[in-house]
Amino acid sequence: MSKVALNVFGKAIRETGHALDRLGCTVMGVEYFKETFSRHRSVMPLFDLKPSVAEDAFVAPSATVVGDVSLASNASVWYGAVVRADRGSISVGPMTNIQDRAVVSSSTTIGSRVTIGHGALLQGCTVGDGALIGQGAVVQAGSSIGSGSIVAAGAVVLPETVIPEGQMWVGNPAVFKKNVSEADMKPYQSVVDKYAKLAQAYESS
């Protein structure tokens, strides 16, 4: 029996169990099952595609990490963010933070100490170590963001664009603005450390 068929069969058995539980409660006059119930799971497999999440990584309760996803040590996925690997793998490096409402889809590789800003959208791209993807930015399929580079808030990186290391790109479509200095990157790297500590606090609370 294929893995897909086994998944469907297993789900059918679970649903049958839920139905029998509801029937039994009704017979006994207990109606707790009518209360609102969420089936949301923060980390879930898709058939045989199972996420690999480091023990010290943080996934917020309302975030979604599904399919062939690898989250490295101290990575964090925040509230409402979606990391969905159903058509290719997603790799997220150490100390990388994927902030609230960001969406990362297959097939994407994100390096270490990267910040993915609130509401950003990444699809089928590569992001190098220490890069910053600003709030609401879009990085389209086949694009490559070099290490230590900045994609400004709201910028749209068109498909197959290659951004070299240490550059800032802005606008829609995104274009080169300037080379990034150490002074430019210093506040963003402190954000990385802040999110790593904040994730530990949330995980232990």
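Using a simple charge model, +1 on the beta-carbon of Lys and Arg, -1 on the beta-carbon of Asp and Glu, nothing else, what dipole does the range 82-205 show about its Cα centre, in debye to the nearest 20?
Using only the charged Cβ atoms, the result is roughly 160 debye.
Could you tally the net charge around Gly124, taking each other residue with its Cβ under 11 Å from the Cβ of Gly124, Lys/Arg +1 and Asp/Glu -1?
0
Restricting to the chain, what percent of DSSP beta bridges are antiparallel, rounded to 5? All intermediate terms of the calculation are to be shown ahead of the outcome.
Numbers: 5 of 47 bridges.
DSSP beta bridges in the chain are roughly 10 percent antiparallel.
Of Val4, Ala141, Pro94, which is farthest on the positive side of the dipole of the chain, counting Cα position, with +1 on Lys and Arg Cβ, -1 on Asp and Glu Cβ, and the Cα centre as origin?
The residue sitting farthest along the positive end of the dipole is Val4.
Would you list the P(r) distribution for the chain, with all Cα-Cα distances sorted into 10 Å bins from 0 and each bin expressed as a whole %?
Each 10 Å bin holds this share of Cα pairs: 9, 32, 27, 17, 9, 5, 1, 0.
Return the Rg/Rh value of the range 1-102, two decimal places, where both radii are evaluated on C-alpha atoms and Rh is the Kirkwood radius.
Numbers: Rg = 17.3 Å, Rh = 15.6 Å.
Reported Rg/Rh, Kirkwood definition of Rh: 1.11.
What distance in nm separates the two pseudo spin-label positions at Val191 and Lys11, each 7 Å out from Cα along the beta-carbon direction?
3.7
Run the count for the chain, please: Lys pairs, Cα-Cα under 25 angstrom, 8 or more apart or on different chains.
So the count works out to 8.
Classify the range 123-170 as rounded, prolate or oblate, taking a ≥ b ≥ c as the square roots of the eigenvalues of its Cα gyration tensor: rounded when a/c is under 1.5, otherwise prolate if a/b is larger than b/c and oblate if not.
Oblate, because a/c is 1.5 or more while a/b does not exceed b/c.
For the chain, modelled as a Gaussian network with Cα springs under 10 Å, which listed residue fluctuates most, Lys11, Lys178, Lys50?
Lys11
For the range 42-133, what proportion of DSSP beta bridges, expressed in % and rounded to the nearest 5, is antiparallel?
Looking only at bridges with both residues in the range 42-133, the antiparallel portion is about 5 percent.
In nm, to one decimal, how far is the modelled label at Thr26 from the one at Arg87, with both set 7 Å along Cα→Cβ?
Each label point lies 7 Å from its Cα, and together they span 4.0 nm.
Note the angle between two axes, namely the Cα long axis of helix 3-28 and the longest principal axis of the Cα atoms of the chain, as a number of degrees from 0 to 90, rounded to the nearest 10.
The angle comes out near 50 degrees.
Got a sec to turn the phi values of the range 144-161 into Karplus ³J(HN,Hα) couplings, 6.51 cos²θ - 1.76 cosθ + 1.60 with θ = phi - 60°, whole Hz, x for Gly and Pro?
Ordered by residue, 3J(HN,Hα) equals 9, 9, x, 4, x, 9, 10, 9, 5, 4, x, 6, 10, 8, 5, x, 6, 6 Hz.
If a/c stays under 1.5 just call it rounded; otherwise compare a/b with b/c (prolate if a/b is bigger, oblate if not). Do that for the range 65-158, with a ≥ b ≥ c from the square roots of the Cα gyration tensor eigenvalues.
It comes out rounded by the Cα gyration axes.
Compute the accessible area per residue over the range 125-201, keeping the other protein chains in place, probe 1.4 Å, unit Å². Mind dumping the intermediate values first?
Details: 3760 Å² over 77 residues.
The answer is 49 Å² per residue.
Over the range 112-205, what percent of the accessible surface lies on carbon and sulfur atoms, probe 1.4 Å?
54
The values are calculated or read from the model by the stated rules, or taken from the named source; none is laboratory data. Source: prediction; values computed, not measured. Virtual Cβ from ideal backbone geometry, glycine too; neighbours counted across all protein chains shown. Just the protein is used for accessible areas: all its heavy atoms, side chains included, with ligands, DNA and RNA removed. Shrake-Rupley method; radii C 1.70, N 1.55, O 1.52, S 1.80 Å.
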